[in-house]
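Colleague: Have a look at this one.
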Amino acid sequence: MHTTVIYDGECDFCVSCVEWVKARTEINAYANQSINPAEFGVTKAQCEKSVIVITDRTYFEAHAVAVLLEQSGHKFLAKALLASGPFGTFGYRYVAAHRNGILVRILHRAISKSNLFN
């Protein structure tokens with residue numbers, strides 16, 4: 001399955017997460033600042049609001065993260081994220097809105113400096 005990821009290339013947390021996924025599975029990843037969103041069937045507004053994963057379908061927010069977790073070999077985490085329903089969505093939106101906050105910086109450091117979830 002061919003997977004395309006569109007993410008915020010100016011967000012250190014986003015970049016670290018994409019690098020983490022790339023180390024575990026094959027994806028084509030593009031910073032939203034470097035593409036024409038229409039070529040991928042999405043809008044600039046969607047790119048600015050959410051990570052986007054395109055496979056046989058297009059996924060946004062927590063669903064996109066779940067697809068990447070599953071493809072990276074973390075099926076349990078992917079299912080748990082989806083099963084959490086609105087909590088997973090809230091968590092995704094919290095991280096997106098607080099990229100420079102202390103909790104997200106700690107998570108970013110854990111992802112970029114360790115083998116978290118190996």
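Colleague: For the range 18-38, give me each residue that is β-branched (Val, Ile, Thr) and within 15 Å of Ala64 (Cα to Cα).
Modeller: If the condition is that a residue be β-branched (Val, Ile, Thr) and within 15 Å of Ala64 (Cα to Cα), then Val18, Val21, Thr25, Ile27 are the ones that fit.
Colleague: I need the full set of residues from the range 1-52 which are among the hydroxyl-bearing types (Ser, Thr, Tyr), out of contact with any Phe, Trp or Tyr (no Cβ under 9 Å at 6 or more places or on another chain), under 21 Å from Ala110 (Cα atoms) and without any contact (Cβ under 8 Å) to a residue 60 or more places away in the chain, in order please.
Modeller: Across the range 1-52, the qualifying residue is only Thr25.
Colleague: State whether the residues of the range 62-69 include one that is open to solvent by 80 Å² or more (accessible area, probe 1.4 Å) and assigned to a helix (DSSP H, G or I).
Modeller: Yes, the conditions are met somewhere in the range 62-69.
Colleague: Working only within the range 81-104, note down all residues that are part of a helix (DSSP H, G or I) and surrounded by 14 or more Cβ atoms within 10 Å (Cβ to Cβ).
Modeller: Leu81, Leu82, Gly88, Thr89, Gly91, Tyr92, Arg93, Val95, Ala96, Val104
Colleague: Look at Lys49 and say whether it is over 14 Å from the mean Cα position of the chain (by Cα) and either open to solvent by 30 Å² or more (accessible area, probe 1.4 Å) or not acidic (Asp, Glu) (or both).
Modeller: No, not satisfied.
Colleague: Ok, one more. Mind listing just one residue for me: the one in the range 52-61 that is open to solvent by less than 60 Å² (accessible area, probe 1.4 Å) and touching a strand residue (DSSP E or B) at 6+ places or on another chain (Cβ under 7 Å) and, of those, nearest to Ile102 (Cα to Cα)?
Modeller: Ile52
Colleague: Now a separate question. Taking the range 9-39 as the region of interest, how many residues are open to solvent by 70 Å² or more (accessible area, probe 1.4 Å), within 20 Å of Ala97 (Cβ to Cβ), modelled with pLDDT under 95 and not in a loop (DSSP other than H, G, I, E, B)?
Modeller: Going through the range 9-39 one residue at a time, the tally reaches 1.
Colleague: Can you name the condition, by its number, that Val42 falls short on among (1) of a type in the set (A, V, I, L, M, F, W, C); (2) open to solvent by less than 40 Å² (accessible area, probe 1.4 Å); (3) modelled with pLDDT under 90; (4) part of a loop (DSSP other than H, G, I, E, B)?
Modeller: Of everything listed in (1) of a type in the set (A, V, I, L, M, F, W, C); (2) open to solvent by less than 40 Å² (accessible area, probe 1.4 Å); (3) modelled with pLDDT under 90; (4) part of a loop (DSSP other than H, G, I, E, B), Val42 misses just condition (3).
The values are calculated or read from the model by the stated rules, or taken from the named source; none is laboratory data. Since the model is a prediction, treat every value here as computed from it, not as a measurement. All Cβ positions, even for glycine, are placed from backbone atoms using ideal geometry, and neighbour counts span all protein chains on display. For accessibility, only protein heavy atoms count, side chains too; no ligands or nucleic acids. Shrake-Rupley method; radii C 1.70, N 1.55, O 1.52, S 1.80 Å.
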